[in-house]
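S.K.: A single structure is presented below for examination.
The values are calculated or read from the model by the stated rules, or taken from the named source; none is laboratory data. Note that the coordinates shown come from a computational prediction; the quantities given were computed from them, not determined experimentally. Here the Cβ positions follow ideal geometry from the backbone for every residue, glycine too, while neighbour counts run over all protein chains shown.
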Amino acid sequence: MNTSKKLIGLGLVAICLSVPTIGFAAKCAGNNINNMIAWDPNELSKGTTLTTFRHSSVMVSEDSTAPYHLAAGECGGTLLTTADGKIQGWGHCARKDKDGDVLNEAWVLPLGTEPKGTWKNVGGTGKYANAAGTGSFEVVMSQGKMGAVHWVGNCQ
């Protein structure tokens, strides 16, 4: 009987300790609205181009109560376009929320023809110091210097 009570007690402690983790790891989705600041293509050889860029970005979460909803900042990165028309890219973003805390993000666009990739939160300041969410993104539209990126994932 005493062993059963200990096992039940340990089980309850384990559940209580896991609740904050479960509550903090939430599905998330939204769109980033981007405005190009700089675009610098450098053709290395016929058909192979290395482009660096920088743009301003605003996160619009599907959950308007999310702390990062309407966080704004900048993203920068590099795109490699190969002679066969495939693109690969990588970069980082830093966006500040209404409280002044900054969320940092790294992203990767794997080699291919689709504008789809993955993102990962890599910490930040204040409430985002331990941010570690991950997910995927897809560029869904572009008009001139403006663009939108739809993202989904697990925000932590």
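S.K.: Is it fair to say H150 is closer than 18 Å to C28 by Cβ, part of a loop (DSSP other than H, G, I, E, B) and either touching a strand residue (DSSP E or B) at 6+ places or on another chain (Cβ under 8 Å) or not β-branched (V, I, T) (or both)? It would help to see each step written out before you state the result.
M.R.: Values: closer than 18 Å to C28 by Cβ: yes; part of a loop (DSSP other than H, G, I, E, B): no; either touching a strand residue (DSSP E or B) at 6+ places or on another chain (Cβ under 8 Å) or not β-branched (V, I, T) (or both): yes.
Considered against the rule, which asks whether it is closer than 18 Å to C28 by Cβ, part of a loop (DSSP other than H, G, I, E, B) and either touching a strand residue (DSSP E or B) at 6+ places or on another chain (Cβ under 8 Å) or not β-branched (V, I, T) (or both), H150 comes out as no.
Quick grid of which residues meet (1) in contact with a His (Cβ under 6 Å, 6 or more places away or on another chain); (2) at pLDDT 95 or above; (3) within 21 Å of N31 (Cβ to Cβ):
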site: A71; (1), (2), (3): no, yes, yes
site: G77; (1), (2), (3): no, yes, yes
site: G85; (1), (2), (3): no, no, no
site: G89; (1), (2), (3): no, yes, yes
site: A94; (1), (2), (3): no, yes, yes
site: N104; (1), (2), (3): no, yes, yes
site: G123; (1), (2), (3): no, yes, no
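S.K.: Which of the residues belonging to region 117-148 are of a type in the set (K, R) and either out of contact with any Phe, Trp or Tyr (no Cβ under 9 Å at 6 or more places or on another chain) or surrounded by 13 or more Cβ atoms within 10 Å (Cβ to Cβ) (or both)?
M.R.: K120, K127
S.K.: So which residues in region 77-104 are within 14 Å of H55 (Cα to Cα) and either crowded, with 18+ Cβ neighbours inside 10 Å or among the small types (G, A, S) (or both), if there are any at all?
M.R.: G77, G91, C93, A94, R95
S.K.: Next question, about the same structure. Out of (1) assigned to a strand (DSSP E or B); (2) surrounded by 14 or more Cβ atoms within 10 Å (Cβ to Cβ); (3) in contact (Cβ under 8 Å) with a residue 24 or more places away in the chain; (4) of a type outside the set (A, V, I, L, M), what's the single condition that is false for D63?
M.R.: (1)
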